[in-house]
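As structure tokens, the structure follows; a few thoughts come after it.
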Amino acid sequence: MVMVKDLTQLTIKELWQDVKEDEDWWGDINERVLGMVKLILEGSLEEELMEELQASRYKRSDSRRGYRNGHYERDLFTMFGVIKSLRVPRSREPYDSRILPRYTRRQKEINEMVRNMFLAGVSTRRVGEVLTKIKGENISAQTVSRIALSLDAEVERFQRRQIADVYRYLLLDGICLKVKGANTVHKRHVLCAYGITWEGKKEIVSFRQATSESEAQWEAFLHDLYHRGLEGKELRLIVTDGCAGLHRALETVYPYVPKQRCWVHKLRNVTNKVRKRDLERCMAEVRLIYLAENKREAVECFRKWKMNWVSLYPRAIDCIEKDLDELLNFLDMPPEHRIKVRTTNAIERAFREVRRRIRPMSCFTNAKSVDRIIYGVISHLNQSWKDKPFVEFTQNN
């Protein structure tokens, strides 16, 4: 007589032991799930067709709106795996199915998974290989590329949407990328705007491709922001890396908003003008300028630094002195915000994510592929920043 185990009397350890001994346990579960999903889908499609025709099988009715035309079979790639030979009913007159739209071979979730893998840096070939192992369906590199093309419409919507004029700080910078041309490789600049609202929400507001970081290109980008709603009524500071063309463009579009030059870029320039033997001591004194509590103290620190080093390094002194006012504008901001807005580090960190994504690529195939990748990285960053404020801002600051 064979003893049957009472599952209610077994411990978790004993149940897990049974699972481990049955090597096909997980595979059986997956097949059962796919079988149930297939039955539900086929039943739902039948019901949908009857509703469309206003008549069930073999029913005579004056209200009938069409006739059946047999079935066809289709493989459907789902989150559970591949449903083989799904029977799809059809009618003589085509209709739009809400359950399974025409020509659908994959669930939207699968396309989303493919896009996310592509944007994360996985090559088109590797995306197909990975999904074949996980889901059992081969997706070609061409299919991955076609799915990625769906980003074009999203890019256009992002670059045309209205922008709320709610930003307190605006950081502006650009990144240079290589793009294939007709017979050579070109450099393309991507101009970016990074905004921080009064509540501390941070996001990349917009981006545009440009041939350079000239005054004309930056002015076109800034005018686009302005006409889409970012008029700058709430802006208290615009942070830049010191690009001459950008600063001239800002005088045209946002002439009344104070500008802050990035201290990191400025210190890098000063470093190049000081001998190695004096570098550590000289730069330690420079840092006292931006670590000052207020502008008066910062100016005093600059004068002391100038007096100590002007005879040895006049070019280094001039590098700071000619832009001192714009280097100290951040000191007019609340103390808890200053470390965040005295440099363009925040937007530079976003650019690092872009460079990480494009590292496996020698260069972009065309300008549209640049937009897709940049938009994908930006969307991911903006989503991840939603619950991570830049700093704790208050209306009283």
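Quick notes on this structure:
- Whole-angstrom gap from the range 219-251 to the range 280-322, using each part's C-alpha centre: 29
- Summed residue charge, Cβ within 12 Å of Val274's Cβ, Lys/Arg positive, Asp/Glu negative: +4
- Solvent exposure, largest accessible area first (probe 1.4 Å, DNA, RNA and ligands not counted), of Glu336, Glu47, Glu42: Glu47, Glu336, Glu42
- Listed residues Cys176, Cys363 arranged by accessible area, highest first, probe 1.4 Å: Cys176, Cys363
- Rg and Dmax [Cα atoms of the range 296-389; Å; Rg one decimal, Dmax integer]: 20.0, 54
- Prolate is the label for the range 268-348. Its Cα gyration tensor axes, ordered a ≥ b ≥ c, give a/c of at least 1.5 and a/b above b/c.
- When a 1.4 Å probe is rolled over the protein heavy atoms, the share of accessible surface on the range 200-285 that falls to carbon and sulfur comes to 47 percent.
- 15 Å beta-carbon shell around Arg315, net charge (K/R +1, D/E -1): +2
- Pairs spanning more than 29 Å between alpha-carbon atoms, out of Lys322/Lys368; Lys340/Lys386; Lys201/Lys273: Lys322/Lys368; Lys201/Lys273.
The values are calculated or read from the model by the stated rules, or taken from the named source; none is laboratory data. On a predicted model such as this, the values are computed, not experimentally measured, just so you know. Methodologically, a virtual Cβ is constructed for each residue, glycine included, from the backbone with ideal geometry; neighbour enumeration extends over all protein chains shown. Areas reflect the complete protein model, heavy atoms only, side chains present, ligands, DNA and RNA absent. Shrake-Rupley method; radii C 1.70, N 1.55, O 1.52, S 1.80 Å.
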